[in-house]
Structure formats: C-alpha cells, structure tokens
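One structure is given here, and the rest of the page talks about it.
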C-alpha cells in the first residue's frame, strides 16, 4: 500500500484570477513583499498495491486523465510506502 | 417525422428542464431526457448537454461528468457526425471531453455573472447559426462563474483559420472589445464549433431566450438553424 500526494499547479502562462484576488488580501494585511500568488491543488489518497511501478502507472493515469487538465495544469506526485 | 432531441441529465444539471421546455413547447420537436448513467441515446438526432453544476463543479467544471457512461455514446455519436450542443456547463463538459479545444477558467472578475449579453455571430455558415438572418448582434442571457475561455496561440490560430468561432461577446452595435467582454474570455469568445462543424459549445443560454413571454426570443433563431439543417 502507498500513500500518494499530488500537487497540481496551473501553468505559468495561464492567468490565475483567484491568486491575483487573494494577493490583494495580503496587501490589505500590510504584507508588502508577497508577489506572484498562484493557487493550485493538493490531493492525497492511498494506492492499494505492493508494486511500486504499478502504483506509479495508475497514479500517473489518474492525474493526467482526471485530476489535472494537461491543457492548463502540471502535476507532480510522491508515493510513500505505508506499513 | 419530427426531429428528436436528447437532453442529458447529470447530477447537478439545472437547465435541463429549460432546454426541454424550449424544445418541446416552443420549437415543437420531440424531446427525451437522457440519464447520465445510461448509454442509449434513444435515437436522438441532436444531443443537448445542458447548463448547471454537474457533480457540484468539483475538481474542475465538467471534469467528472466527462466520464459519465453516456459520454462514451455521445463521443461516438459526435465522431460519426451527430449534432451535439453544449450550453454553459455542457460547453465545459465538451472541453473536458476533448470534443472541443481549449479550457474554461474563472471569470476575470471572480464574480458569477448573470445578465443579458449581446453576441455577434461570427460564422453564419454553421449548422447552428445559418438561420440567424439578422445583421445586428443577438441578445441572449449568460449565467456563469467560469466562462473565461482560454486556448494557446496555436489553437486560437486554428479556430480562426477554420472559421470555428461561432459567437463573440459584443456591444449592441457589434463591437467586440474589453467593455463588452463579461468574463475575460480570449478574443471575446462565447461559442465555438469543432473542425467538422457538428459540435458546438457556447456559454450563453439560447434556451432561456425562446419563449416570447420572457421578453426575449433571439434564442429561437439558434434552434431554427439546427432544425433547418436537419431537414
């Protein structure tokens, strides 16, 4: 069994209106050094197999076909063995 | 025989009944609801993916609906030249399914925008626009939070080269500028067709502008186009 942790980031070339709006909040907090706020997603789940290569394959397919939209997002993940 | 329309119902669809009403009562055609777990399109000549918030808009708008069982039948139907229309959330589903190019992101203002807009008809030769005879823009309502169309430069060039842009947000006199753009869409894009021209996605709701009792009826010309091309 593996614990998968996925991070999905919007491509740098794609506008992130949410990040821009949130950063306005930072400005109102008086945090003047905060720049380039980008909002992504963190997703975790378990993969019920002992075969790491099979787990990587399945997680890659999950990410590329459903969790992330490759037109506008990039993903990365880690797999941690669970005892 | 009357043409038959199929209106898909996903969990969270909320414009399915509006589409059904406009087609049945105003356009006088046969209509069936198609439940997302089925795969039978019930001999429909035209498929409508309606507006709403399929699967609560979780993950990304349309991302989960795209894997509903009925979508496999719809993808086959579209690939064989069948007419498919995605309205609002339905447009987002078509983008996620890869039947149309590009993606939809949050409105630039971050606000949900619900109002009447003017649309300039960019391509009058499509099966979805050929009966829109009026020169000036048509008035159709929008209601969405994520209608900001985005595509890379290569895709935009293809859309232009193949005359795939069906509708653009415009002013009453047809100007397509930032002022008439309600959501930040690239090039004011409101609706596009696929390369073959049999699949259309649009953010505005023509089904909400068919019954004259509602004070607007420009949407009827849109459905007239489809019907005239079916016959």
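Annotations for the structure displayed:
- Residues of segment B:87-132 that turn out to be part of a loop (DSSP other than H, G, I, E, B), within 15 Å of residue B:53 (Cα to Cα) and in contact with a helix residue (DSSP H, G or I) (Cβ under 9 Å, 6 or more places away or on another chain), as a count: 1
- Matching residues, segment A:1-12, being part of a strand (DSSP E or B) and either on the phi > 0 side of the Ramachandran plot or within 17 Å of the chain's Cα centre (by Cα) (or both): A:3, A:4, A:5, A:6, A:7, A:8, A:9, A:10
- Among the residues listed as B:202, B:172, B:227, B:159, the single one being in contact with a helix residue (DSSP H, G or I) (Cβ under 7 Å, 6 or more places away or on another chain) and modelled with pLDDT of 95 or more: B:202
- Residue in segment B:13-34 that is surrounded by fewer than 16 Cβ atoms within 10 Å (Cβ to Cβ), under 21 Å from residue B:98 (Cα atoms) and in contact with a helix residue (DSSP H, G or I) (Cβ under 7 Å, 6 or more places away or on another chain) present: no
- Residues that are under 21 Å from residue B:216 (Cα atoms) and buried (at least 23 other Cβ atoms within 10 Å of the Cβ) were ranked within segment B:87-116; the one that is farthest from the other protein chains (Cβ to nearest Cβ) is B:87.
- Qualifying residue in segment A:52-65 (condition: surrounded by fewer than 16 Cβ atoms within 10 Å (Cβ to Cβ), under 26 Å from residue B:147 (Cβ atoms) and in contact with a strand residue (DSSP E or B) (Cβ under 8 Å, 6 or more places away or on another chain)): yes
- Looking only at segment B:199-231, and only at residues there that are surrounded by fewer than 22 Cβ atoms within 10 Å (Cβ to Cβ) and touching a strand residue (DSSP E or B) at 6+ places or on another chain (Cβ under 6 Å), the one that is nearest to residue B:86 (Cα to Cα): B:218
- A residue that is assigned to a helix (DSSP H, G or I), free of Cβ contacts under 8 Å to residues at least 24 places away in the same chain and under 16 Å from the mean Cα position of the chain (by Cα) occurs nowhere in segment B:61-72.
- Sole residue being without any contact (Cβ under 8 Å) to a residue 60 or more places away in the chain, over 25 Å from residue B:105 (Cβ atoms) and away from chain B (no Cβ under 12 Å), chosen from A:60, A:46: A:46
- Residues satisfying the stated conditions in segment B:133-151, i.e. modelled with pLDDT of 95 or more, more than 14 Å from chain A (Cβ to nearest Cβ) and assigned to a loop (DSSP other than H, G, I, E, B): B:137
- Of the residues making up segment B:13-49, those that are in contact (Cβ under 8 Å) with a residue 60 or more places away in the chain and not in a strand (DSSP E or B) are B:15, B:18, B:19, B:21, B:22, B:23, B:25, B:26, B:27, B:29, B:45.
- Residues of segment B:73-86 that turn out to be part of a helix (DSSP H, G or I) and surrounded by fewer than 22 Cβ atoms within 10 Å (Cβ to Cβ), as a count: 6
- For residue A:37, the conditions (1) more than 11 Å from every other protein chain (Cβ to nearest Cβ); (2) surrounded by 15 or more Cβ atoms within 10 Å (Cβ to Cβ); (3) over 17 Å from the mean Cα position of the chain (by Cα) are fulfilled apart from (3).
- Residue, nearest to residue A:55 (Cα to Cα), within segment A:13-43, restricted to residues that are assigned to a loop (DSSP other than H, G, I, E, B) and in contact (Cβ under 8 Å) with a residue 24 or more places away in the chain: A:40
- Meets criteria (within 14 Å of chain B (Cβ to nearest Cβ), over 10 Å from the mean Cα position of the chain (by Cα) and over 25 Å from residue B:66 (Cβ atoms)) for residue A:78: no
The values are calculated or read from the model by the stated rules, or taken from the named source; none is laboratory data. Keep in mind that what you see is a predicted model, and the values were worked out from it rather than measured. Neighbour counts are summed over all protein chains in view; Cβ atoms, including those assigned to glycine, are modelled from backbone coordinates with ideal geometry.
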